[in-house]
Amino acid sequence: MGKLNSSLILRSIVNFNYSLSCSVNTIATSIEDLSKNPMSAKGNPKKHDLFDNVDDALTLFNKMIEKHPKPSIVEFTKLLSAMVRMKHYVIVVSMCSQMELFGVSHNVYSLNILVNCFCQLGRIDFGLSVLGKMLKLGVEPNVVTFSTLINGLIKGGKFPQAVSLFDEMVEKGYQPHLIVYNTILNGLCKMGNTDRARRFLRLMEERGFKPDVVAYDTVIDCLCKNGLLEEAFDLFSELKVKGNRPDIVVYSSLIHALCNLGQQKEVRRLLNEMMDNNISLNIFTYNILIDTYCKEGMICEAMDIVHTMRKQGIEPDVVTYTILVDACCKEGMVSKAEDIVDMMRKQGIEPDVVTYTILVDAFCKEGMVSKAEDIVDMMRKQGIEPTVVTYTALIDGHCLQNKMEKARGVFQLMTKEGCAPNIHTYSVMINGYCKGKRLDEAIELFNEISRTGQSPNNVTYNTLMQGMFQLGRVAAACKLLRKMLASGLVPSQVTCSILLDGLCKCGKLKEALKFFQALQNSGLEVNIIFYNVLIDGLCKARRFEYAKELFHELSVNGLKPDVYTYTTMIYEFCKGGLPDEAYRLFKSMGDNERLPNSISYNVMIQGYFRNNNTSKAIQLLAEMVDKGFSADLGTATLYVELLLRSDKSILF
């Protein structure tokens, strides 16, 4: 037989029918791309680790396979183990098949390696077939065999099968070691099954295994992520009572959960407890604290924590700086965000795709799309490929400026670059076309979605439906709603409010009232937004009496008018020549904990002016200024007209 090289390895995978229950051809179809390029590997200078690349390993394998007599399976297993450490799982599969063809008998260790390779490649089905082969050959599986398969099943999202295999393993008398228990526990937690995870801790104890701090860390973290903070602290107390010393991982989980709930006092208590126990904060914990301050808008305090980190000898990482960049961008401080990026570069930390994408999004939202494009160009030059999120942010920037040709250009570019648009990308493009009143192109793009194998979501439907209503295409919007229902999607409150608003604005008030009644009868929560839409529609249709009835109905249904509701009613009272009624409503806003805003003041002041009650208008204008609000163009125009008519200065 001739020697193997890296190109023959692939062919051998395709051609060799491994004696399992399924063909290796299937494996090759799924995974052959994984080993097209030889990879260098360096590590500890063990006998089988001294390879510059895959070809060197294959040369040694060829020498071993051609020897007479053949080296023992132990020597082959050492080579296979070295290849696994280099992560060349596909090649190991091929080597195992070649060994069998050359008459080298496998043992439990070499077959365990094969099981591990299949699991690493995501082919747990082939890994289970190896287990079947072991039993058929009389090779006794060991705890490593079962542990590897259990881990592979969990990684593949097949948790019920992992639990079944675990139970079978115990029934057959194999004693799982602590790692297996922790693996199952980790799987339960990843599924969010907190109750079963806690019961599994008890099971471990019943079977003679004392859960270690890793086990407790896993369950406590799961409880924290599921908002079960009280249960997490109960388990934390149990951890300490049973003689385990809490580590930084469990403290970080608890601190993260407390920060999310704004419980700063408890955070400080835990930090002090860590200090008392000589547990130093790590970069992950510091990043949690920095993120918390940033979310509260306390960027200066977050920067202080960065300085504290440095004093403790912990250098900020790319995550730290990205948190700060994101916070600055959300506060509209884009130039400050740029300064932070410059700072991180000076520290020898290069921004990653997440950092750059945040900047791209921020520049686009600020209308500085050309700067965003410069960042994308710079990313490419640095070998950082923009993601679908990056491209979508850039598309949105062009859409916000109604430059749909440029948006379409980016959309086509990302497809050309092998970055497939996702449903959010399509929704952004459709929104851009709708805002630009290019409905036919929006519909065309909507129809394209299904051809990509994706399905429109609620946001996509809502966006297109709103665009149809804005252009008076009522029948098309209703047809789209029927299509949405047929697809199995449940209309959200946003969907229903768009439909109600669209019917009102398109003069279909009768249909709007009928739909509103249907909503009330359906059991769907009809909130203040629905009432606002209908009250506004009734007012514009000169059905003010009916609008007043709806307004008074709010308290009966346990709802409070918001500022928009009050302002709409105030405007209609003023318009109907009833400024005193309007003012009574204006003054009652505080009773419902709804303080008037700038729009409410301006509407009321303009109502007084238009009803020739200038003294009250001037008085309310002074009050508005004292509250820190400004006159809008309508109020300013009426005031100037008053000055011109009176031909004298009115001071206040």
Evaluate the distance, in nm, between pseudo-label points positioned 7 Å from the Cα of Lys155 and of Lys540 along their respective Cα→Cβ axes. 5.8 nm
Full-extension gain in nm, Lys548 to Lys172, via 0.36 nm per residue minus C-alpha separation: 127.8 nm
Per-selection Kirkwood Rh - the range 523-599 (Cα, Å, 1 d.p.): 12.6 Å
What is the chain's relative contact order, in percent, from Cα pairs under 8 angstrom and six or more apart in sequence? 4 percent
Applying 1/(1 + (r/R0)^6) with R0 = 41 Å to the Cβ-Cβ distance of Lys70 and Asp125, what FRET efficiency is obtained, to the nearest 0.05? 0.85
Sorted largest first, extent of the range 315-371 alpha carbons per principal axis (Å): 34, 20, 16
Within the range 133-290, how many Lys pairs that are eight or more residues apart, or on different chains, come under 18 Å at the alpha-carbon? 7
What is the diffusion coefficient of the range 297-337 in µm²/s, taking the Kirkwood radius over Cα pairs and the Stokes-Einstein relation at 10 °C with a viscosity of 1.306 mPa s? 151 µm²/s
Checked the range 150-242 with the C-alpha gyration tensor, a ≥ b ≥ c its square-rooted eigenvalues, rounded below a/c of 1.5, otherwise prolate if a/b is larger than b/c and oblate if not; verdict oblate
Checked against the positive end of the charge dipole of the range 560-652 (+1 on Cβ of Lys and Arg, -1 on Cβ of Asp and Glu, about the Cα centre), the farthest of Phe629, Tyr564, Gln606 is Gln606
Cβ-based charge dipole, the range 207-253, positive-most Cα from Val214, Leu229, Ser252: Val214
Suppose we flag GluC sites (Glu not before Pro) only when DSSP calls them loop and at most 16 other Cβ atoms lie within 10 Å. Which is the longest uninterrupted stretch of the chain? 1-295
Loop-located trypsin sites (Lys or Arg not before Pro) in the range 368-449 whose Cβ has at most 14 other Cβ within 10 Å (DSSP): Lys437
With +1 assigned to the C-beta of every Lys and Arg and -1 to the C-beta of every Asp and Glu, and no other charges, what is the dipole magnitude of the chain about the Cα centre in debye, to the nearest 20? 1320 debye
Lysines with Cα under 20 Å of Lys587, excluding same-chain neighbours fewer than 8 positions away: Lys548, Lys560, Lys575, Lys616, Lys627
Only four residue types carry charge here, +1 at the Cβ of Lys and Arg and -1 at the Cβ of Asp and Glu. Report the dipole size of the range 560-652 about the Cα centre in Debye, rounded to the nearest 20. 120 debye
With a ≥ b ≥ c from the Cα gyration tensor eigenvalues, square-rooted, and the rule rounded for a/c under 1.5, otherwise prolate when a/b > b/c and oblate otherwise, the range 560-652 is prolate
Starting from the coordinates of the alpha-carbon atoms of the range 419-476, obtain the Kirkwood hydrodynamic radius over all distinct pairs and give the value in Å to one decimal. 11.2 Å
Work out how far the C-alpha atoms of the range 586-629 reach from end to end along every principal axis, then list the three figures in whole Å, largest first. 30, 19, 14
Defining a contact as two alpha carbons under 8 Å apart and six or more residues distant in sequence, what relative contact order in percent does the range 560-652 show? 24 percent
Between Asp247 and Met303, what's the calculated FRET efficiency when r is the beta-carbon distance and R0 is 35 Å? Round to 0.05. 0.80
Rounded to the nearest 0.05, what FRET efficiency do Glu417 and Arg451 give with R0 = 25 Å and r taken as the Cβ-Cβ distance? Could you check? 0.80
Debye calc, one equal point scatterer per Cα of the chain, no solvent, log10 I(q)/I(0) at q = 0.05, 0.08, 0.12 1/Å comes to -0.40, -0.95, -1.45
Cα-based Kirkwood hydrodynamic radius, the range 322-436, one decimal, Å: 14.3 Å
Please state the equivalent ellipsoid semi-axes for the range 223-362: what are the square roots of 5 times the Cα gyration tensor eigenvalues, largest first, in whole Å? 31, 16, 12
Percent of all alpha-carbon pairs of the range 210-265 at distances over 15 Å, whole number, is 39 percent
Using only helices, what value at 222 nm comes out for the chain when you add -39,500 (n - 2.57) per DSSP H run of length 4 or more and divide by the total residues, to the nearest 500 deg cm²/dmol? -22000 deg cm²/dmol
Place +1 on the Cβ of every Lys and Arg and -1 on the Cβ of every Asp and Glu in the range 273-428, take the dipole about the Cα centre, and give the residue among His307, Ile283, Gln347 whose Cα lies farthest towards its positive end. Gln347
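Read-outs: derived from the displayed coordinates by stated rules, not from any lab. For clarity, every value in this text was computed on a predicted model and none was experimentally measured. Note that each Cβ is placed from the backbone with ideal geometry, even for glycine, and that neighbours are counted across all protein chains shown.
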